[in-house]
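J.: Take a look at this one; I'll ask things after.
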Amino acid sequence: KIEVFEPWFFLFFGVFHLHRIWGLIDRSSYAKFWISILERKGVLYYFLMVVLLALCVLGVGVFFKNRHKNYWWRWIYLFGGSYLLFDLLAIAVGWKFWNELVHKMFDVSSPYWNVIWGGFTLLGCFVFGLGVKLLFQHRLDDT
């Protein structure tokens, strides 16, 4: 059974990753925006951290709750959610290596810029598409 929140989980993360198209269009404003969010740690930062944390914990919980009868895409909760929880923790505690890595990711002169942000954008397309598919499948299952 597809849980009610699952399509919305993937739709949210899809949109979250798809917004990175902005980084492919305007590197400077994209990098400036996100670096300022990460450094200031204002309301938007904490709002995003709480939402991302809650969704990841919820997803990992559903994975383990259904560990003997999971759909293939629930492995995304385990691996993607675990990575993101690690990422959030490393940012929250100010792990120096991770902070340097994040700043390198936002280096607008990096020759890897399009690979990094293009990869995240493609991931967003996939995840958003999966969310749409699950939304239709969940609605069909309810009828």
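The values are calculated or read from the model by the stated rules, or taken from the named source; none is laboratory data. Note that this is a predicted model, so its numbers are computed, not measured. Neighbour counts run over all protein chains shown; Cβ positions are idealised from the backbone, glycine included. Please note that ligands, DNA and RNA were not included when accessible areas were found on the heavy atoms of the full protein model with its side chains. Shrake-Rupley method; radii C 1.70, N 1.55, O 1.52, S 1.80 Å.
J.: Does Phe47 count as more than 18 Å from the chain's Cα centre (by Cα) and part of a helix (DSSP H, G or I)?
T.: no
J.: OK, next. Determine, yes or no, whether Ala31 is under 22 Å from Val15 (Cα atoms), in contact (Cβ under 8 Å) with a residue 24 or more places away in the chain and among the aliphatic types (A, V, I, L, M).
T.: yes
J.: In addition: Do any residues in segment 92-107 that are within 18 Å of Tyr45 (Cβ to Cβ) have Cβ atoms under 7 Å from those of residues that are open to solvent by less than 90 Å² (accessible area, probe 1.4 Å), where the two are at least six apart or on different chains, and which pairs are they?
T.: Taking only residues 6 or more apart or on different chains, the pairs are Trp98/Ala90; Trp98/Ile91; Val102/Leu38; Met105/Ile116; Phe106/Ala31; Phe106/Trp34; Phe106/Ile35.
J.: Limited to segment 34-57, what total is found for residues that are within 17 Å of Lys104 (Cα to Cα), open to solvent by less than 70 Å² (accessible area, probe 1.4 Å) and not small (Gly, Ala, Ser)?
T.: Of the residues in that region, 4 qualify.
J.: In this structure, does Asn114 turn out to be farther than 22 Å from Phe10 by Cα, at pLDDT 95 or above and of a type outside the set (A, V, I, L, M, F, W, C)?
T.: Spelling it out, Asn114 is indeed farther than 22 Å from Phe10 by Cα, at pLDDT 95 or above and of a type outside the set (A, V, I, L, M, F, W, C).
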